[in-house]
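Reviewing the structure listed below.
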Amino acid sequence: MVTCIVAATEDELARIKEELAARLDRPSFGGAWYSGNLSRLPIYLGVVGVGIVSAAVTLGSLLAQIKVDRVIMIGSAGALPGSGLDVGDVAVASSETLAELGICVGEGVGESESLNIPGLNQTISLAEDLSKSMAEATDKSFRISRGAFLSVAGVSSSQSHALARASRFGALVENMEGYALALAGERFGITVAEVRGVSNHAGVRDKSAWNLDLANQRAQSVVLNYLRRQL
């Protein structure tokens, strides 16, 4: 089984690149592309860029050029109000919703159903079996939760903004690339999963309260634990 692990930035892949001794392969799909192995398990690593548009374009190009069985997206995210998550916790996606898709009914909130366009799905489920396995791949030193994720074009600007999104969608975290992964899984017929470390509380713009390094390290540790279990 060929696995591809993708993230928005190099930092979000750094530990996995090191442990797999991954080498730069060929950046022909618009982003950096690495290849490595965990024992005899072939693994590709890809940097898809920040935001839904960049992630969608890069994933589409990547999947048109290489044959993989599953794609795992990792990175950081902001915990939405009511999620019960704190900085350093990890979340695994059961679904991805694109917040602004459809008719704008509020700040950073859209609704697609009333458009009645066939095939336009604001929410897309991710592979249940793989997501459950990822959620179990922890060393118990930190909390890991599984639930709905929210993809946004722009992150919440305030706590009230984050609360409005949480109330409308009931998601655990907000991020900027996950819906592209879910859509790629649906369109290309491949298995996809998403794991994110909580770096901040959505709507809190004071970066002294953030911990991106911790979020990225813990998300990568979950993926590495999962992969080792497959050997």
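The values are calculated or read from the model by the stated rules, or taken from the named source; none is laboratory data. All figures in this text were calculated on a predicted structure; none of them were measured in a lab. No Cβ is skipped: glycine too gets one built from the backbone with ideal geometry, and neighbour counts run over all protein chains shown. Ligands, DNA and RNA are excluded from the accessible area calculation, which covers all protein heavy atoms including side chains. Shrake-Rupley method; radii C 1.70, N 1.55, O 1.52, S 1.80 Å.
Other residues lying with their Cβ under 12 Å from the Cβ of Ala77 contribute a combined charge of -4, Lys and Arg counting +1, Asp and Glu -1. In the chain, the longest principal axis of the Cα atoms and the axis of helix 52-65 are about 30 degrees apart. Take every Cα pair under 8 Å whose residues are at least 6 apart in sequence, average their separation, divide by the length of the chain, and the relative contact order is 27 percent. Axis of helix 159-169 versus longest Cα principal axis of the chain: the two differ by about 80°, to the nearest ten degrees.
The peptide list 131-142, 43-54, 87-98, 159-170, put in order of mean Cβ contacts within 10 Å with the highest first, becomes 87-98, 43-54, 159-170, 131-142.
Full extension of the chain segment joining Ser208 with Leu24 gains 62.9 nm, where the gain is 0.36 nm per residue of separation less the Cα-Cα distance.
Solvent exposure of the chain, expressed per residue, is 43 Å² of accessible area, with all protein chains present and a 1.4 angstrom probe. I'd like the orientation of helix 212-229 relative to the chain: the angle between its Cα long axis and the longest Cα principal axis, in ° from 0 to 90, rounded to 10. Result, in degrees: 50. Using a 1.4 angstrom probe on heavy atoms only, work out the carbon and sulfur share of the accessible area of the chain in %. Carbon and sulfur together cover 49 percent of it. Across the range 152-183, the residues whose backbone nitrogen lies under 16 Å from the label position 7 Å along the beta-carbon direction of Phe142 are 173-174.
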